[in-house]
């Protein structure tokens, strides 16, 4: 078994007892092997952190949905499991009245604003986990995301401007969107689609801006890009396209 | 009385999640992932209220618990459900709540029985519940990982996070042989190392 196979076996948890001994022995006597092992072990932890951050963002979006019962009708998986409360009755009334309003509007024309409002949700911070006292994060990065998470978007923009990471245009665009500055948001989203990260996400938000500006062709074009990329809100984009 | 109520809650949960399999989660089913989160949220928060944590802290613990549970499925530490999903969540949650309370230096109200779900608990010592932050070197790896190509990121995530063996990856059909996968993996690692070197010594 080669050294590479031993490492693969270790990380796949498939080493036999004999190979485990060989593996442990190599760790003691072969510095290069040990260094490679440490590198892969660190990488495993980093990949886990990456995935965990994505999961955390997903869970945050579930929480957001739970907070907005209007958009929550499709995600009530098991309504019988939940106890009836006045809050839920009130939410149902809001849903009933709103559904009537949306139906009324869509009967006469495509209501771009309501489509925008129903679909716009600021993208959560998925880059940095902010833990008090964590000194491993760069101070400007921390300040930027603390401001972003506390919805102090002017401060967030100020801090993001001092940073150079590839996620910066996307989060600046998000901040401008929340401040209602659509032109600035568009400008940064157009920069963001040329990056390697948040490409589909940027097209999605460009589509939403187009909706808000009643630019149907633009919205259709951007939504088609979201569907083609298929990595973010693909189904939502299809749904929206059908409504346009 | 409290014991009976909690036992009832635990037993009810055992019944409800029968339809979701470990494979659903292991294969990355979005709907199963969401369903479990939503179905257990309220019960978990109610369960956690006895530990003097705020609502926000409890939601945070619930999310950390859920992610830890998912991680352990991916890494193969949980190979089959020997208990209901909610029992896993309660057991991991209790461990993390205690950890959080130790950090907050809070004591527990003696009226509450900390061992209330003991009969149905999962042995969390066999799970990986490490949630310590990244070191400076790991932070460097973290920031360089995103710059890898899509194929590299997918391959490394399958191998190091989702517990796929080289053979499992071959079965997905994107590569022609195990050797091709091994070479691709080696190249990805080399690229990552080079990027880090370039970051340290520009």
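The values are calculated or read from the model by the stated rules, or taken from the named source; none is laboratory data. As the structure is a prediction and not an experimental result, all values here were calculated from the model. No Cβ is skipped: glycine too gets one built from the backbone with ideal geometry, and neighbour counts run over all protein chains shown.
Name the residue, out of A:43, A:59, that is within 7 Å of chain B (Cβ to nearest Cβ), modelled with pLDDT of 95 or more and surrounded by 14 or more Cβ atoms within 10 Å (Cβ to Cβ).
That would be A:43, the only listed residue that is within 7 Å of chain B (Cβ to nearest Cβ), modelled with pLDDT of 95 or more and surrounded by 14 or more Cβ atoms within 10 Å (Cβ to Cβ).
Return yes or no: is residue B:45 farther than 23 Å from residue B:133 by Cα, assigned to a helix (DSSP H, G or I) and more than 10 Å from chain A (Cβ to nearest Cβ)? Write out each step before concluding.
Details: farther than 23 Å from residue B:133 by Cα: yes; assigned to a helix (DSSP H, G or I): yes; more than 10 Å from chain A (Cβ to nearest Cβ): yes.
So residue B:45 passes the test.
Within the range A:189-205, the set of residues being away from chain B (no Cβ under 14 Å) and surrounded by fewer than 24 Cβ atoms within 10 Å (Cβ to Cβ) comprises A:190, A:191, A:193, A:194.
Checked across the range B:60-69, the condition of being within 23 Å of residue A:12 (Cα to Cα) and either in contact (Cβ under 8 Å) with a residue 12 or more places away in the chain or in contact with a strand residue (DSSP E or B) (Cβ under 7 Å, 6 or more places away or on another chain) (or both) holds for at least one residue.
Surrounded by 15 or more Cβ atoms within 10 Å (Cβ to Cβ), out of contact with any strand residue (DSSP E or B) (no Cβ under 8 Å at 6 or more places or on another chain) and under 30 Å from residue B:135 (Cα atoms): does that describe residue A:176? No: the conditions fail for residue A:176.
Which of the following residues is surrounded by fewer than 19 Cβ atoms within 10 Å (Cβ to Cβ), in a helix (DSSP H, G or I) and more than 13 Å from chain A (Cβ to nearest Cβ): B:24, B:56?
One residue alone meets the criteria, B:24.
Comparison of B:87, B:157, B:125 shows that the only residue that is modelled with pLDDT of 75 or more, part of a helix (DSSP H, G or I), farther than 24 Å from residue B:40 by Cα and under 15 Å from the mean Cα position of the chain (by Cα) is B:157.
Only residues that are more than 10 Å from chain B (Cβ to nearest Cβ), surrounded by 12 or more Cβ atoms within 10 Å (Cβ to Cβ) and in a helix (DSSP H, G or I): list them for the range A:8-23, please. Those that are more than 10 Å from chain B (Cβ to nearest Cβ), surrounded by 12 or more Cβ atoms within 10 Å (Cβ to Cβ) and in a helix (DSSP H, G or I): A:10, A:19, A:20, A:22, A:23.
Scan the range A:215-229 and give yes if some residue there is in contact (Cβ under 8 Å) with a residue 12 or more places away in the chain and within 14 Å of chain B (Cβ to nearest Cβ), otherwise no. Within the range A:215-229 (the criterion being in contact (Cβ under 8 Å) with a residue 12 or more places away in the chain and within 14 Å of chain B (Cβ to nearest Cβ)), the answer is yes, since at least one residue qualifies.
When you check residue B:183 against the structure, is it within 14 Å of chain A (Cβ to nearest Cβ), over 22 Å from residue A:11 (Cβ atoms) and either part of a helix (DSSP H, G or I) or modelled with pLDDT of 95 or more (or both), yes or no? So residue B:183 fails the test.
Entry remark, the range B:107-122: residues being at pLDDT 55 or above and surrounded by 13 or more Cβ atoms within 10 Å (Cβ to Cβ) number 3 in total.
Kindly evaluate residue A:175 against the criterion of being at pLDDT 90 or above, touching a helix residue (DSSP H, G or I) at 6+ places or on another chain (Cβ under 9 Å) and under 21 Å from residue A:51 (Cα atoms).
No.
The set of residues in the range B:121-139 being touching a helix residue (DSSP H, G or I) at 6+ places or on another chain (Cβ under 7 Å) and within 9 Å of another protein chain (Cβ to nearest Cβ) consists of B:131, B:134, B:137, B:138. Scanning the range B:140-154 for residues that are modelled with pLDDT of 90 or more and either touching a strand residue (DSSP E or B) at 6+ places or on another chain (Cβ under 8 Å) or at the interface with another protein chain (Cβ under 8 Å from one of its Cβ atoms) (or both) yields a count of 3.
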